[in-house]
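So the structure is just underneath, and the comments pick up after that.
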Amino acid sequence: VAANERSANEPNLILRGKKINHQYSKSYEFEKDFRGYVKKYLTQNINYFSVLRPLYEIQIAKIAAKFPENLAVTRSCNVNMRKNSWCGKCPKCLSVFLLLFPFFETEKLVKMFCGNLLNDKKLWRYIPEFVDKNKQKPFECVATKKENAVALTLGEEKAGRKMPYILKRFHELRAGKTIREQEIEKIMRSWNNKNFLPPKTEVILKSWIKNNHK
């Protein structure tokens, strides 16, 4: 059982008509191909599937908020992997912070990353790459452009008038244009049918989405 999410399906860029995805080994395409390879060349007795495949990262972040005690041991930074810490300077760190921000206590996130990444002006350069469909995403495991926009919007709502630098600048650039509630709901309640979940697992995961969105 793997834990690769729907967000990994989005390519980082399209070059000469070809989709380039540095997360290919986490994608649905790979999962489908690998399942076929296992069945054909290895064994019929293994069922390889990704339990989080139907969900976006931001949906997973909201579920994770139900277990705040796990935050202190959560790691996902490639730069500081050997140090078992977050570097707080790379696109991956910013993406994770951004996705968690709407759902976790700010103080705990700041402690986890040794600072509020949304107040780091140097990290702003990644935001256009996170949300602009005409720009290349960083070659890192970051969320999709749609959910990054949702995360920024939910972050604004949480912060209110005391917005950190990145949220405030994002808000100003949009010139008052907001993501509609229906669009946010669509992402937060989304379910990707392109998955290989066993029926019992599907029922459990769907119940989490339904109950966690109330």
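The values are calculated or read from the model by the stated rules, or taken from the named source; none is laboratory data. Keep in mind the model is a prediction, meaning the values are calculated, not measured. Using ideal geometry, Cβ is built from the backbone for each residue, glycine included, and neighbour counts are taken over all protein chains shown. Please note that ligands, DNA and RNA were not included when accessible areas were found on the heavy atoms of the full protein model with its side chains. Shrake-Rupley method; radii C 1.70, N 1.55, O 1.52, S 1.80 Å.
Worth pointing out:
- Distribution of pairwise C-alpha distances over region 150-208, 10 Å bins, in %: 19, 36, 21, 18, 5
- Considering only N192, N70, N78, the mean-square fluctuation computed in a Gaussian network model of the chain, springs between alpha carbons under 10 angstrom, is largest for N70.
- Going through [x] 30, 20, 18; [y] 36, 24, 19; [z] 43, 17, 13, the figure that equals semi-axes √(5λ) of the Cα gyration tensor in Å as computed for the structure here is [x].
- Probing with 1.4 Å while keeping every protein chain in the model, the per residue accessible area of region 18-129 equals 56 Å².
- By average C-beta atoms within 10 angstrom, highest first, the peptides 141-154, 28-41, 112-125: 141-154, 112-125, 28-41
- What a 1.4 Å probe finds exposed on the chain is 54% carbon and sulfur by accessible area, rounded to a whole percent.
- Stretching N193 away from K135 to a fully extended chain increases their span by 18.1 nm, per 0.36 nm per residue minus the current alpha-carbon distance.
- Each residue, V203 and K186, gets one label point 7 Å from its Cα in the Cβ direction; the gap between the two is 3.1 nm.
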